[in-house]
1. Restricting to Cα pairs below 8 Å that are 6+ residues apart, what does the relative contact order work out to for the chain? Please round to a whole percent.
2. Using only helices, what value at 222 nm comes out for the chain when you add -39,500 (n - 2.57) per DSSP H run of length 4 or more and divide by the total residues, to the nearest 500 deg cm²/dmol?
3. Cα extents of segment 82-131 along the three principal axes, largest first, in whole Å?
4. Rounded to whole Å, give me the distance from the Cα center of segment 22-43 to that of segment 208-238.
5. Report the one residue of ALA245, ILE133, ILE188 whose Cα lies farthest in the direction of the positive end of the charge dipole of the chain (charges on C-beta: Lys and Arg +1, Asp and Glu -1; origin at the Cα centre).
6. Please compute the length gained on full extension between ALA56 and ASP222, using 0.36 nm multiplied by the number of residues separating them and subtracting their Cα-Cα distance.
7. So for segment 16-134, taking the charge dipole from beta-carbon charges (+1 Lys/Arg, -1 Asp/Glu), which of SER58, PHE17, LEU68 sits furthest toward the positive end?
8. Tell me, rounded to the nearest percent, the portion of alpha carbon pairs in the chain spaced more than 25 Å apart.
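The values are calculated or read from the model by the stated rules, or taken from the named source; none is laboratory data. The structure displayed is predicted, hence computed values, not measured ones. Neighbour counts are summed over all protein chains in view; Cβ atoms, including those assigned to glycine, are modelled from backbone coordinates with ideal geometry. What goes into the accessible areas is simple: the full protein's heavy atoms, side chains included, and nothing from ligands, DNA or RNA. Shrake-Rupley method; radii C 1.70, N 1.55, O 1.52, S 1.80 Å.
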Amino acid sequence: MNKQIQRKRFSASLLLFEFRNITGNPYIHIFGIGLPVLMVLIFGKMLESNIPNAKALSTAVTGLFLGLGTMIPLAAMMVGYAATFSQELEKGIPQRLELFGIDRGMTIVSRILAELIFQVCSFVVYFTVGALILRIEAPAFTGLACYVLCIVALGIISFAAAHAIALFFRKFGITYCVTMILYFCVMIASGMMGIDYEMLPAPIQAVARLLPTNYIVRDFADIWRGREYNFMPMLQAYLFTGALAGILLFFSLRRKAGKGVCTS
């Protein structure tokens, strides 16, 4: 009984430790909260000056707002978590935690829960700013539920990819470089940098069709309002990116396990 109580208390402390790691990471605040809020305000004001029709403007701003919201899990998970985890690997923190008897599974669960809490806080800030400043349309219940589900799935895929990349390179510099390149490539291909999907070259459009963010940016305003939508292309994109992240994670774990290196 004493061991169970002690274990439960320590898991709460570990969760707090992981959450402090997230909030202490400047890259997450810059690219995960500051950048999407800044971009949605800038592009939103540009749309207001170019679209005189109120209804069309509200639809365009809503689509922009929902699309740029995908930057939050991408930045927090793919860039922020990868940067933090690679620094921990460089300093040997996972090995030290194991010396104190901290289970690897508990560490991973604490990290996932801490990331989830931070995601919720980030979206509260993001939606509060959007509701106060921009003309965001009210969602249908199904639209809101689909958006939450899509963001959670995107966060899980980004977390797995970030864990795999950090585990593969084990160095902050190269890990940060690779994840930042992926971050901006996804943004460009998904039309979040001011270039619409239709304006992209055909090879980049082919890549964009494999990214879930592309469909969220282009189509989610209709889903948000409860309109009928063909989810098959988006689902295929989620399955593809999820499988790719899973394969990367599998080979990263196998590579380090073969060398006898701690992977938590």
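1. The normalised contact order for the chain reaches 27 percent.
2. The per-residue figure over the chain is -25000 deg cm²/dmol.
3. Over segment 82-131, Cα extents along the principal axes are 48, 20, 11 Å.
4. 24 Å
5. ALA245
6. Gain on stretching ALA56 to ASP222: 58.5 nm.
7. The one lying farthest along the dipole's positive direction is SER58.
8. Value for the chain (Cα pairs over 25 Å): 47 percent.
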